[in-house]
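Report on one structure; see the data block that follows.
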Amino acid sequence: MAADTPSVPSYLPYGRQAIDEDDIAAVTAVLRGDWLTQGPTVTRFEQAFAQAVGARHAIACANGTAALHLACMALDLQPGDAVVVPAVTFLATANAARYCGAEVAFADVDPETGLMGRADAEAAIARAEAAGWRVRALAPVHFAGQAADMDALGDLAEARGLAIIEDACHAVGSRRARTNGGVGTVALGACDRSAMACFSFHPVKTIAAGEGGMVTTNDDALARSLRRNVSHGMVRDPAAFQDRAAAFGATGAANPWYYEMPAPGYNYRLTDIHAALGLSQLGKLDRFVRRRAEMVARYDERLAPLAPLIRHAGRSGGEPAWHLYVVLIDFAALGRDRAAVMAELRAQGVGSQVHYIPVHHQPYYRERYGSLNLPGADGWYQACLSLPLFPAMADYDVGRVAAALERLAGA
Ligand SMILES: Cc1ncc(COP(=O)(O)O)c(C=O)c1O
């Protein structure tokens, strides 16, 4: 990564993978081996990931969406139950609850950070209970790699008897600060204040597996459920077999072909091909996180004079593995709407994206829940724009993006 020369390609998307020759070699080695589907490389990836975040279990799966669905299944969410989901997130956080028939209690977010706080979650719980739903879980999203306040949300969950599923799809490699007086930082995924944490290895995320996901947990029973449902609901542990007559032969040993399915699961398995890439990339996580932090610091410095017209929607605290660099833009003061700004940036070779259209505005959810008043989420949506941020970018590229914004701002 040359710091002071343009990166290739010269068009900068808002995010993209950084693949080296050793990543390619790792995938090639799997292709030359015996296992293409889930095999020993998946196990190695799971073990390395669990160790990296400090969790007892890590269960690999096909993508972050599958991870969230598996987590909701592990909590045995049912129709009539509800999950509190911040409105500013990707569709999948909310949809995972619906896959189980549970309702989505959309919560507002801080319009400066996009994060759901304790008061937002409490208001969503009150609305859900007024609707007659049984709130079972909170699903905070560690937006852009910044940690949600897990101590405050953890206290709330404990007080209300709720589980927490962390949507950490943006936050591979992030560490959170303790906000309850504790010292030091904790890796997201350690699940010290949650039941489970879900990750994505989509190519725009901090590490890439092509498609890929992971659920971490410290709870053995949840881990068993996650493992069962990632592969059709199949049980192969003789100790868990229910139909003893069918399961065991005359010698008392379990029949070698035998498996059971107590309830249907899915084929959400990761392949060894994807795991090889994920594992290879995991070895570079620290470098990727450092490079992202350097670029964020450089953006912050260059863009500081453009505030309050254009400003970083970042929050201090902890050690975020920045997935996105989001700016909040006062489009009215700028005299251009967001579509015009995106078009002008594009004309200068700068990609940008909107994270996110608040999910409660999607026709499906609007039809189901009516129109909700979540002013923080709407305020965020009116102003947000994600700028290019990926490890293969050079410092020069950050300067290019900043210069394009300076021109827009007439600075
Ligand atoms: C916040 C969030 N949750 C869930 C997902 C789903 O992850 P995946 O694309 O791996 O299914 C994503 C990815 O786009 C995401 O950004």
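Provide a single number: the residues in the stretch 75-96 that are at negative phi and assigned to a loop (DSSP other than H, G, I, E, B).
Qualifying residue count for the region: 8.
From THR37, THR28, THR43, grab the single residue that is modelled with pLDDT under 95 and either more than 17 Å from ARG269 (Cα to Cα) or surrounded by fewer than 21 Cβ atoms within 10 Å (Cβ to Cβ) (or both).
THR37
What are the pairs with Cβ atoms under 6 angstrom where one residue, in the stretch 77-101, is farther than 17 Å from MET116 by Cα and the other, located anywhere, is within 9 Å of the ligand (Cβ to nearest atom)? Sequence gap at least six, or different chains.
Close Cβ pairs satisfying both conditions: ALA96/LEU68.
I'm trying to understand the selection: among the residues of the stretch 236-262, which are over 23 Å from LEU226 (Cβ atoms) and assigned to a loop (DSSP other than H, G, I, E, B)?
Correct list: ASP243, GLY249, ALA250, THR251, GLY252, ALA253, ASN255, PRO256, TRP257.
Which residues, counting only those in the stretch 46-63, are assigned to a loop (DSSP other than H, G, I, E, B), open to solvent by less than 40 Å² (accessible area, probe 1.4 Å) and either under 19 Å from ASP272 (Cα atoms) or not hydrophobic (A, V, I, L, M, F, W, C) (or both)?
Passing the criteria: only ALA62.
Can you work out which of the residues in the stretch 64-91 that are within 13 Å of the chain's Cα centre (by Cα) and surrounded by fewer than 22 Cβ atoms within 10 Å (Cβ to Cβ) is nearest to the ligand (Cβ to nearest atom)?
Among them, the one singled out is PHE90.
Go through the stretch 317-328 residue by residue and tally those that are away from the ligand (no atom under 16 Å from the Cβ), open to solvent by 10 Å² or more (accessible area, probe 1.4 Å) and touching a helix residue (DSSP H, G or I) at 6+ places or on another chain (Cβ under 9 Å).
Here the count works out to 1.
Could you pull out the residue among ALA168, ALA107, ALA128 that is among the small types (Gly, Ala, Ser) and more than 16 Å from the ligand (Cβ to nearest atom)?
ALA128
Checking ASP110 against (1) within 30 Å of ASP397 (Cβ to Cβ); (2) part of a loop (DSSP other than H, G, I, E, B); (3) open to solvent by less than 20 Å² (accessible area, probe 1.4 Å): exactly one of these is not met. Which one?
Condition (3) is where ASP110 drops out.
Quick test for you: out of ARG336, ARG366, pick the one residue that is basic (Lys, Arg), outside any loop (DSSP other than H, G, I, E, B), open to solvent by 10 Å² or more (accessible area, probe 1.4 Å) and touching a Leu at 6+ places or on another chain (Cβ under 9 Å).
ARG366
Kindly list the number of the only condition in (1) surrounded by 23 or more Cβ atoms within 10 Å (Cβ to Cβ); (2) of a type in the set (S, T, N, Q); (3) within 16 Å of the ligand (Cβ to nearest atom) that fails for ASN267.
Against the list (1) surrounded by 23 or more Cβ atoms within 10 Å (Cβ to Cβ); (2) of a type in the set (S, T, N, Q); (3) within 16 Å of the ligand (Cβ to nearest atom), ASN267 comes up short only on (1).
The values are calculated or read from the model by the stated rules, or taken from the named source; none is laboratory data. What you see is a predicted model, and the numbers here were worked out from it, not measured in a lab. Using ideal geometry, Cβ is built from the backbone for each residue, glycine included, and neighbour counts are taken over all protein chains shown. Accessible surface areas use protein heavy atoms only, side chains included; no ligands, DNA or RNA. Shrake-Rupley method; radii C 1.70, N 1.55, O 1.52, S 1.80 Å.
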